[in-house]
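Before any comments, here is the structure.
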Amino acid sequence: MKKPAFIITIDTEGDNLWQNHERISTENTRFLPRFQSLCEKYAFKPVYLTNYEMAQDAAYVEFASDVIRRGQGEVGMHLHAWNSPPLVALTDDDWRHKPYLIEFPEDQIKAKVAFMTKLLEENFQTKMLSHRAGRWAFNEFYASLLVEQGYLVDCSVTPHVNWSSSPGNPEGAGGTDYSRFPKEAYFIDLNDIAKAGNSPLLEVPMSIQLKHSGMLNHIKSGYDKLRGKTRSPSTLWLRPSGGNVENMKKVAEQTLMQGSDYIEFMLHSSEFMPGGSPTFKNEQDIERLYDDLEKLFSWISERAQGMTLAEYYQWKMN
């Protein structure tokens, strides 16, 4: 029996976008080789889902091109609508509100997706096959554009998570509600991305598990409704947050026990840099992060084999 796939996805973007509203820097590029070396130690191949400012960073282009050339990872597309050309303002302050791409007019969505795809393919001299939406916001029109551009894999779906209470455009409806989406990989129905269909686009949802039992979540949901609140149930992600190795193992273990043939990890590139995110503020935090990653990767290496998203797609097709 083939070992399941371990897919590492890195949202590769500017420094501390949680707080930066006016100027984006890309210093985190300098901190990526250490992570790449750790991945290669365990024969894992990260997917660097790359946005506009990183695609413009010469040092990052050199680093990622070398990873591609050596067959040790993949570059895919990641798009933050508020600073990805062509720029047409949607709100009174797009840098502050960070509107979702799916909130823009369709002609602008199409232009942004086409621009980013061309930029990445020219800079890295390789076909873009994998994608993750900025701020996890995805819909049917967006999916159809990816198919038009020749993408094979999307990994924007976050099972159990409802982003509708996370605003983009203040006059909009918030992000995508994934609470009833599949948890395992499926080929998307372009008329309803929550369903399996016959499109060529493979959806590879994030590995996310409910923190509590179904009954407890039901009780919490009922209590929230009485208070006039709507929010997602508490979840655990295969994503470092500092000292959460056991929870990440739990997510991986539960995902595999449920029959999945893959587990999917994510982090932002800026989280490898001290002060590049609210989570890892200093060098001590980064050292603890790497200690956690070493423990997690060692544990996973006995249970799964490293693959990029494009390799996983081919594996599914065989």
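Couple of notes before you dig in:
- Within the set 146, 129, 152, the sole residue that is buried (at least 24 other Cβ atoms within 10 Å of the Cβ) and either touching a strand residue (DSSP E or B) at 6+ places or on another chain (Cβ under 9 Å) or aromatic (Phe, Trp, Tyr) (or both) turns out to be 146.
- Lone qualifier among 44, 35 - being in contact with a helix residue (DSSP H, G or I) (Cβ under 6 Å, 6 or more places away or on another chain) and of a type outside the set (Gly, Ala, Ser): 35
- For region 279-305, filtering for residues that are open to solvent by 20 Å² or more (accessible area, probe 1.4 Å) and not in a helix (DSSP H, G or I) leaves 6.
- Check on residue 146, part of a helix (DSSP H, G or I), over 18 Å from residue 310 (Cβ atoms) and among the aliphatic types (A, V, I, L, M): no
- Residue within region 26-37 that is within 26 Å of residue 111 (Cα to Cα) and modelled with pLDDT of 95 or more present: yes
- Filtering region 64-85 for residues that are within 18 Å of residue 265 (Cα to Cα), hydroxyl-bearing (Ser, Thr, Tyr) and touching a residue at least 12 places away in the same chain (Cβ under 8 Å) leaves an empty set.
- Scope region 51-94; condition assigned to a loop (DSSP other than H, G, I, E, B), among the small types (Gly, Ala, Ser) and either open to solvent by less than 20 Å² (accessible area, probe 1.4 Å) or on the phi > 0 side of the Ramachandran plot (or both); matching residues: 71, 73, 81, 84
The values are calculated or read from the model by the stated rules, or taken from the named source; none is laboratory data. What you see is a predicted model, and the numbers here were worked out from it, not measured in a lab. As a convention, Cβ positions derive from the backbone with ideal geometry for all residues, glycine included, and neighbour counts pool all protein chains shown. For the accessible areas, the whole protein counts, side chains as well, though only heavy atoms, and no ligand, DNA or RNA atoms are used. Shrake-Rupley method; radii C 1.70, N 1.55, O 1.52, S 1.80 Å.
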